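Notes follow once the structure below has been shown.
The values are calculated or read from the model by the stated rules, or taken from the named source; none is laboratory data. Remember, predicted model here, so these are calculated numbers, not experimental data. Cβ atoms come from the backbone with ideal geometry, glycine included; neighbour counts cover every protein chain shown. Surface accessibility is based on the protein's heavy atoms, side chains included, excluding ligands, DNA and RNA. Shrake-Rupley method; radii C 1.70, N 1.55, O 1.52, S 1.80 Å.
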There are 2 protein chains.
Amino acid sequence: MKITETTAMALATRLLIQRNALAENAKCQAGVLVEAELKGHPSHGLQRLPRILARIERGLIDPATKGEGRWRSEAVLEIDGQKGLGPVVAMAALDRLRERVSVSGIAMAAIRNNNHLGMLAHYVEHVAKDGRIGLAMSSSEALVHPFGGTRAMLGTNPIAIAVPTAGRPLVLDLATSIVSMGKIHHHAATGRPIPESWARDAEGGPTTDAASAKLGSIAPFGEAKGYGLGIAIELLVAALAGSALAPDIRGTLDAEAVCNKGDLLIVIDAMAAPTIAGRLSDYLDRVRASPPAEVDQPVGVPGDGATRRREVSLREGFDIDPALWAELNGLSLSPSPVLEGQSS
Amino acid sequence: MKITETTAMALATRLLIQRNALAENAKCQAGVLVEAELKGHPSHGLQRLPRILARIERGLIDPATKGEGRWRSEAVLEIDGQKGLGPVVAMAALDRLRERVSVSGIAMAAIRNNNHLGMLAHYVEHVAKDGRIGLAMSSSEALVHPFGGTRAMLGTNPIAIAVPTAGRPLVLDLATSIVSMGKIHHHAATGRPIPESWARDAEGGPTTDAASAKLGSIAPFGEAKGYGLGIAIELLVAALAGSALAPDIRGTLDAEAVCNKGDLLIVIDAMAAPTIAGRLSDYLDRVRASPPAEVDQPVGVPGDGATRRREVSLREGFDIDPALWAELNGLSLSPSPVLEGQSS
């Protein structure tokens, strides 16, 4: 079935407000999930909402806080997320960086004790709207084995980078795993095999069986290089945020544990010259116009696909699994304990 | 043949001094090249020296300058490299960041008009020796095609990251191409085919012929993700350093053009707590001890191989192509115009 952005936002926001989220915080969290749906990334969309609601009900998420910050040095902001909603704490951190970075040129927020941010693209795009460069990294539970290894020792450790241009910003958002665990679950659910390069089973052996891979570990993307990037992000986040390392991380995929991963947000306001933005978009257009390997598949630039899918979704709505939509509707509390002017 | 670090340093330094490099600058440039040899990366070693010497002789490198800096904002240093020796300008930039970063927590140098840095690992390792995190990125001439593309539009755009721990730092240094052009040249020279995933020929077609690949373009590493990282680095460097974009970059592989690529150096002095370093090295040890895919190939951590090779090279010397060693000796100018106390 298809639903519109407005309908999705209304339900997601209401479910959060019913569980004592401030209206503003509910809208921020719902916005990140719905944005992922619009861009065609349902793995980071509304399917995450039931777990978020359960975590609020169990006191693992405090939907009222924006986290507490302190400047560790002139351009580094240390944030205790106080178990807040991931996007709420992260957006508040970006707000705090905004003024400082106009003086320092580069500034960073290092966040611990915060919940899952969802798609990192969201945050760096927000920064790029100000004409600034944004970088974001997160750590996560151990799901990825080292290159040449067989046991999950690293998180999927995503990184996102947005660079503003005279046109649309370049927006990169990648997990350092070869594939998401969500995709492996999807293969398992539909009984399809997976390529042998994707994963290992619980004993560390190679497997093409998605159900076995679910219990095992995912390969890093790009062999030794992708593994290298993933482990560097693992250390950067832990060193700067003071958060746990992957084998000890909990609370990003369950509704039982306080979330102890970390996030880094870096904002750079230091373009070499005002004319650069135009040169960057001209270059990206040259890349897009360069000859493709397959005649009917033009060369893309990171963010192009998401932008296209978002435009279609805003016009026509986006697909959602009817079972998920029914589940979400069933999570509505009635009578709603906290309405705050919203209709339940 | 094998030569020792001392012998290699003496010759490389002498050749540079003979071409009017200050002794200190000659040692810095020679050190970066010899360090690459010690670590088993001859593609970034002494084979680059003849071109550097030719560039000095043609006025494309000024071996006397350290570049000129100006603080674009409180924590962003803008460097005009004044056509200096790449490592000399970069190390001077790191020196200038040192004091500022102890106050700002994070600081960046954006460098244009500078020559090739050589292995980026060198710079971030230098930063890690101070107990700080280092990141380095460079742009370079167009050698890499986009994922799904067929024409060289991106540089090999390397990134290096060092994170200090209680033991050795983690040191990542990777080009965003699937393989170096040096390796393709080596296959061509020895008449060996290359895997089809490595490169395309000058017409953009797939090829396993190394000689054809030399005239064509290299694939990005890690398919769409590695391409995404490469193009993000392309834009970050150009936006912040004010340098050219890959299709317009010259002077990293020739002895004819002024070098117009850019470099970024980021230093972070903001560990969450003094105890972090020990937790990081414990984690890396757990990764190293995790079960490998091949029993005789233990899991590695970025930088482990280079460290091992360096130890062996310091003890036993390193292999060098006798023809290259003879070529280098033949480049000695006699009588030496500037001796500065060195014997020619």
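Out of the residues in segment B:65-78 that are away from every other protein chain (no Cβ under 11 Å) and in contact with a Gly (Cβ under 8 Å, 6 or more places away or on another chain), which is surrounded by the fewest Cβ atoms within 10 Å (Cβ to Cβ)?
Only one residue fits best here, namely B:65.
Does at least one position in segment A:163-170 carry a residue that is within 14 Å of the chain's Cα centre (by Cα) and in the same structural domain as residue A:124 (by TED's automatic domain parsing)?
Looking for residues that are within 14 Å of the chain's Cα centre (by Cα) and in the same structural domain as residue A:124 (by TED's automatic domain parsing), one finds none in segment A:163-170, hence no.
Among the listed residues A:334, A:290, which satisfies the condition of being over 23 Å from residue A:220 (Cβ atoms), among the hydroxyl-bearing types (Ser, Thr, Tyr) and out of contact with any Ser or Thr (no Cβ under 7 Å at 6 or more places or on another chain)?
Of A:334, A:290, the one residue that is over 23 Å from residue A:220 (Cβ atoms), among the hydroxyl-bearing types (Ser, Thr, Tyr) and out of contact with any Ser or Thr (no Cβ under 7 Å at 6 or more places or on another chain) is A:290.
Out of the residues in segment A:215-229 that are more than 20 Å from the chain's Cα centre (by Cα) and among the aliphatic types (A, V, I, L, M), which is least open to solvent (accessible area, probe 1.4 Å)?
Going through the qualifying residues, I end up with A:224.
Right, residue B:56: within 18 Å of the chain's Cα centre (by Cα) and modelled with pLDDT of 95 or more or not?
no
Would you be able to tell me the number of residues in segment B:146-159 that are open to solvent by less than 10 Å² (accessible area, probe 1.4 Å) and farther than 15 Å from residue B:232 by Cβ?
1
Report yes if residue B:98 is in the same structural domain as residue B:23 (by TED's automatic domain parsing), open to solvent by 50 Å² or more (accessible area, probe 1.4 Å) and modelled with pLDDT of 95 or more, otherwise no.
Answer is no for this residue.
Which count do you get for residues in segment B:199-234 that are within 22 Å of residue A:230 (Cβ to Cβ) and either within 7 Å of chain A (Cβ to nearest Cβ) or not aromatic (Phe, Trp, Tyr) (or both)?
15
In segment A:193-225, what residues are closer than 21 Å to residue B:178 by Cβ and charged (D, E, K, R)?
A:196, A:223, A:225, listed by residue number.
Among the residues of segment A:79-95, how many are within 14 Å of chain B (Cβ to nearest Cβ) and either surrounded by fewer than 24 Cβ atoms within 10 Å (Cβ to Cβ) or at pLDDT below 95 (or both)?
Adding up the residues that qualify gives 1.
How about segment B:165-178: which of its residues are among the hydrophobic types (A, V, I, L, M, F, W, C) and more than 8 Å from chain A (Cβ to nearest Cβ)?
Selection gives B:166, B:171, B:175, B:178.
How many residues, within segment A:286-318, are within 27 Å of residue A:5 (Cβ to Cβ), open to solvent by 70 Å² or more (accessible area, probe 1.4 Å) and either free of Cβ contacts under 8 Å to residues at least 40 places away in the same chain or touching a strand residue (DSSP E or B) at 6+ places or on another chain (Cβ under 6 Å) (or both)?
Of the residues in segment A:286-318, 3 are within 27 Å of residue A:5 (Cβ to Cβ), open to solvent by 70 Å² or more (accessible area, probe 1.4 Å) and either free of Cβ contacts under 8 Å to residues at least 40 places away in the same chain or touching a strand residue (DSSP E or B) at 6+ places or on another chain (Cβ under 6 Å) (or both).
Looking at A:93, A:36, can you tell me which residue is in contact (Cβ under 8 Å) with a residue 60 or more places away in the chain and out of contact with any strand residue (DSSP E or B) (no Cβ under 6 Å at 6 or more places or on another chain)?
The match here is A:36.
Among what's in segment B:256-277 and is at pLDDT 95 or above, part of a loop (DSSP other than H, G, I, E, B) and open to solvent by 10 Å² or more (accessible area, probe 1.4 Å), pick the residue that is farthest from the other protein chains (Cβ to nearest Cβ).
Out of the qualifying residues, it is B:256.
In segment A:118-140, what residues are open to solvent by less than 30 Å² (accessible area, probe 1.4 Å) and either away from chain B (no Cβ under 14 Å) or farther than 23 Å from residue A:280 by Cβ (or both)?
Across segment A:118-140, the qualifying residues are A:118, A:119, A:123, A:138, A:139, A:140.
Give segment A:126-144 a look and list any residue that's within 25 Å of residue A:213 (Cβ to Cβ) and assigned to a strand (DSSP E or B), or say none.
A:138, A:144
Between A:196, A:234, which is in contact with a strand residue (DSSP E or B) (Cβ under 7 Å, 6 or more places away or on another chain) and assigned to a loop (DSSP other than H, G, I, E, B)?
A:196
Return the residues of segment B:154-164 that are facing another protein chain (nearest Cβ under 10 Å) and within 10 Å of residue B:220 (Cβ to Cβ); say none if nothing qualifies.
The one that is facing another protein chain (nearest Cβ under 10 Å) and within 10 Å of residue B:220 (Cβ to Cβ): B:154.
Conditions: (1) within 26 Å of the chain's Cα centre (by Cα); (2) under 28 Å from residue A:148 (Cα atoms). Residue A:208 meets all but one. Number of the miss?
It is condition (1) that residue A:208 fails.
Being away from every other protein chain (no Cβ under 14 Å), assigned to a loop (DSSP other than H, G, I, E, B) and within 19 Å of residue A:30 (Cα to Cα) narrows it down to one residue among A:333, A:324, A:328; which is it?
On inspection, the qualifying residue turns out to be A:333.
Here's the yes/no breakdown for (1) within 30 Å of residue B:104 (Cβ to Cβ); (2) open to solvent by 10 Å² or more (accessible area, probe 1.4 Å):
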{"site": "B:206", "(1), (2)": "no, yes"}
{"site": "B:231", "(1), (2)": "yes, no"}
{"site": "B:249", "(1), (2)": "no, no"}
{"site": "B:279", "(1), (2)": "yes, yes"}
{"site": "B:284", "(1), (2)": "yes, no"}
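Which residue out of B:226, B:230, B:191, B:204 is in contact (Cβ under 8 Å) with a residue 40 or more places away in the chain and not assigned by TED's automatic domain parsing to the domain that holds residue B:160?
That would be B:204, the only listed residue that is in contact (Cβ under 8 Å) with a residue 40 or more places away in the chain and not assigned by TED's automatic domain parsing to the domain that holds residue B:160.
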